[in-house]
Amino acid sequence: MQAARHGGKILADALAAHGVKLAFGVPGESFLAVLDGLHDHRERVRFIICRQEGGASYMAEAYAKLTGEPGVLFVTRGPGATNGSVGVHTAMQDSSPVLIFVGQVGTDMAEREAFQEIDYRRMYGPLTKWVGQIDRVERIPEYVSHAFHTAMAGRRGPVLLALPEDMLFAEASVQDAPHYRAVQPAPAPADLDELKKLLEGAARPLAIVGGGGWTREALARLQGWAEAASLPLTTSFRCQDYIDNRSPIYAGDVTIGINPKLAQRVKEADLILAIGARLGEITTSGYTLLEVPVPKQALVHVHAGAEELGRVYAARLPINSGMPQFAEALERIQLNGARWREWTRAAHADCEAWRAPVPMPGKVHLGEIVRWLSSNLPEDAIVANGAGNFATWLHRHFIYKRYRTQLGPTSGSMGYGVPAAVAAKIAEPKRVVIAWTGDGEFLMTGQEFATAVQYGAPIVAIVVNNGMYGTIRMHQEREYPGRVSGTELRNPDFAAYARAFGGHGETVEETAQFQPAFERALASGRPAIIELKIDPEAITPTATLSGLREKGFKAKD
Ligand SMILES: Cc1ncc(C[n+]2csc(CCOP(=O)(O)OP(=O)(O)O)c2C)c(N)n1
Ligand SMILES: [Mg+2]
């Protein structure tokens, strides 16, 4: 017979049993019993205290994305739950397994709109795979096990458990559940026979690789198989690190602001093999590269979530499979790629040409800085970024070499870069970790720089400062030329901000100053911020603000 434990202790013991090593959050009086339970596990389950739940939720998501293990987030009721929603939405769109534990009013007060009360099933229903509320203390092990299994099964994603306060204080003597097992489907032999036939009949095949649930080994297998078959591999939005970009079969990323030659190639392909990618709005250029509901190209859609297959596109061959399971099965298909070798060579050549930096106005040249980083960072360095035009230089000019060296939100959410970098550095302290951010993006969650200082996580945040919400200004110049409205920013001295937090600060006003500044930042051993003061004219790698205003915006920019 187990000794009686309070709910917070049963929950903390459950986390330890499921192998949780790190949890992120902001405390609240609504889950004091959990904090008490975590006290007993402080050597095994580290609770990283953050400054705002938005940053904490991004950290939990980035941890899940980086490690493939569930991210864990604790937030208090009402205000904590609302602040934390941004990272939950990111986890949903990125298929990242995240468990969110939220405080809830006691069951004796439920449904009265008691202090900070929210019905999480209604609020979080569309943002998660499942929302549960644990009303009975003896059922904690069952609910937590259910949550881990749901987050990790099929298409992975966020799961939320609400914790009524009286339930957490109550005691029970119950058995712990064993460590969860991640359940994934595998392709049927008939699927593989059909896939082989389709590939053998193709002249211009193209694969799009993306989504969640991958492992480094599975991607190495896929790349090896594709190289042997000379099959061109592309990646979907912000999944550029899935394939070694130096491989002769790598053909670029099918993304926002796609290389027009690659867009053409996707349209001309006679077979699209989408592996893990959902084929969402960004990957399909607003559902134009592939037509809805039946694309002209023969579509083979492989996805871990059965409900994703046929959701938008009626694939010629839908295959419900986990990614490692599919990569392993592919090795049973031997292909002679002689027919499309030239197609693959040309696709890679187009990609190389597109990636070369193009001149830009001003003294700080972002393309050259990204190229310098790409050539000089260790191959396993992690670069995190959120949303904004500053990211387009990174996505276009950085040569990704290894899986999970890129951390970005496919939800296009601002404020991701700094917290994601902090989580990555805490999880992988030996790797160099960079946050590539904009001035707008940085200050959405820049206070988590304090978390980096508190936990001794020396990230390098690079702030591309153009004094505006540049992306929106770009769209503004296209739709309403010359009528600047709601997009200007007055910024602090970012280097001084770093120093005020106990970090290292640098300001770069010319490209040549970047390398020594970066080296000093790394050598400082402290979290650092490097501000890059760029010419606001340089609005994308190829367009200027005044050019947009005069000539009108060209979609290809
Ligand atoms: C959380 C969130 N709020 C608003 C937006 C809309 N948005 C997209 S990019 C952008 C501006 C980004 O500004 P900055 O970080 O300075 O980058 P820049 O575009 O100037 O390079 C905004 C407001 C968003 N994507 N996410
Ligand atoms: Mg900006």
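The values are calculated or read from the model by the stated rules, or taken from the named source; none is laboratory data. These numbers come from a predicted model, not from an experiment. Note that each Cβ is placed from the backbone with ideal geometry, even for glycine, and that neighbours are counted across all protein chains shown.
Considering only region 486-505, I want to know if a residue exists there that is of a type in the set (S, T, N, Q) and either touching a helix residue (DSSP H, G or I) at 6+ places or on another chain (Cβ under 9 Å) or within 22 Å of G440 (Cβ to Cβ) (or both).
yes
Residue check: is L299 in contact with a strand residue (DSSP E or B) (Cβ under 6 Å, 6 or more places away or on another chain), crowded, with 19+ Cβ neighbours inside 10 Å, modelled with pLDDT of 95 or more and over 30 Å from W393 (Cα atoms)?
On the way: in contact with a strand residue (DSSP E or B) (Cβ under 6 Å, 6 or more places away or on another chain): yes; crowded, with 19+ Cβ neighbours inside 10 Å: yes; modelled with pLDDT of 95 or more: yes; over 30 Å from W393 (Cα atoms): yes.
So L299 fits the description; yes.
Just to be sure before I move on: is L222 touching a helix residue (DSSP H, G or I) at 6+ places or on another chain (Cβ under 7 Å), in a helix (DSSP H, G or I) and surrounded by 24 or more Cβ atoms within 10 Å (Cβ to Cβ) in the structure I sent? Walk me through it before giving the result.
Details: touching a helix residue (DSSP H, G or I) at 6+ places or on another chain (Cβ under 7 Å): yes; in a helix (DSSP H, G or I): yes; surrounded by 24 or more Cβ atoms within 10 Å (Cβ to Cβ): yes.
Criteria met by L222.
So which residues in region 477-502 are in contact with a Ser or Thr (Cβ under 8 Å, 6 or more places away or on another chain) and away from ligand 2 (no atom under 13 Å from the Cβ), if there are any at all?
First, pick out the residues of region 477-502 that are in contact with a Ser or Thr (Cβ under 8 Å, 6 or more places away or on another chain): 493-495.
Within region 477-502, D493, A495 meet the criteria.
Please count how many residues of region 34-71 are crowded, with 23+ Cβ neighbours inside 10 Å and basic (K, R).
1
Here are some conditions: (1) under 16 Å from A56 (Cβ atoms); (2) more than 14 Å from the chain's Cα centre (by Cα). I399 meets all but one. Which one does it not meet?
It fails just one condition, (1).
When you go through M474, M468 one by one, which is the residue that is within 24 Å of F237 (Cβ to Cβ), surrounded by fewer than 21 Cβ atoms within 10 Å (Cβ to Cβ), within 16 Å of ligand 2 (Cβ to nearest atom) and not polar (S, T, N, Q)?
Within the list M474, M468, the selection yields M474.
Kindly state which strands (runs of 3 or more DSSP E) lie completely within region 443-557 and contain at least 3 residues that are more than 30 Å from R46 (Cβ to Cβ) and in contact (Cβ under 8 Å) with a residue 60 or more places away in the chain.
Because the criterion is at least 3 residues that are more than 30 Å from R46 (Cβ to Cβ) and in contact (Cβ under 8 Å) with a residue 60 or more places away in the chain, the strands (runs of 3 or more DSSP E) in region 443-557 that meet it are 528-533.
For region 127-148, name all the residues that are over 15 Å from A12 (Cβ atoms) and either within 21 Å of the chain's Cα centre (by Cα) or outside any helix (DSSP H, G or I) (or both).
L127, T128, K129, W130, V131, G132, Q133, D135, R136
So for region 90-108 (the condition being surrounded by fewer than 22 Cβ atoms within 10 Å (Cβ to Cβ) and part of a helix (DSSP H, G or I)), does at least one residue qualify?
Yes; the residues of region 90-108 include at least one that is surrounded by fewer than 22 Cβ atoms within 10 Å (Cβ to Cβ) and part of a helix (DSSP H, G or I).
Could you pull out the residue among P357, P429 that is more than 15 Å from ligand 2 (Cβ to nearest atom), closer than 21 Å to D244 by Cβ and surrounded by fewer than 24 Cβ atoms within 10 Å (Cβ to Cβ)?
Just one listed residue meets the conditions, P357.
What residue, of A435, A452, A457, A421, is of a type in the set (A, V, I, L, M), within 16 Å of ligand 2 (Cβ to nearest atom) and surrounded by 19 or more Cβ atoms within 10 Å (Cβ to Cβ)?
On the way: A452 fails: within 16 Å of ligand 2 (Cβ to nearest atom); A457 fails: within 16 Å of ligand 2 (Cβ to nearest atom); A421 fails: within 16 Å of ligand 2 (Cβ to nearest atom).
After ruling out the rest, the residue left standing is A435.
Pick from region 64-85 the residues that are closer than 15 Å to I49 by Cβ and part of a helix (DSSP H, G or I): which of them is nearest to the chain's Cα centre (by Cα)? Write out each step before concluding.
Going through region 64-85, the residues closer than 15 Å to I49 by Cβ turn out to be 72-76, 80, 83-84.
With part of a helix (DSSP H, G or I) added as a condition, the list becomes 80, 83.
On the way: G80: 22, N83: 19 Å.
Of everything passing the filter in region 64-85, N83 is nearest to the chain's Cα centre (by Cα).
Among the candidates A329, A304, single out the residue that is surrounded by 19 or more Cβ atoms within 10 Å (Cβ to Cβ), under 22 Å from A151 (Cα atoms) and touching a residue at least 12 places away in the same chain (Cβ under 8 Å).
Only one candidate passes the filter, namely A304.
Being within 16 Å of ligand 1 (Cβ to nearest atom), of a type in the set (S, T, N, Q) and either at pLDDT 95 or above or on the phi > 0 side of the Ramachandran plot (or both) is the requirement here; does N376 meet it?
The answer is no for N376.
Scan region 489-499 for residues that are more than 15 Å from I534 (Cβ to Cβ) and within 13 Å of ligand 1 (Cβ to nearest atom) and report the count.
1
Sort out which residues of region 427-461 are within 16 Å of ligand 1 (Cβ to nearest atom) and in contact with a Ser or Thr (Cβ under 7 Å, 6 or more places away or on another chain), and write them in order of number.
A461
Residues to consider are Y416, Y400; find the one that is touching a helix residue (DSSP H, G or I) at 6+ places or on another chain (Cβ under 7 Å), crowded, with 23+ Cβ neighbours inside 10 Å and over 29 Å from E488 (Cβ atoms).
Y400
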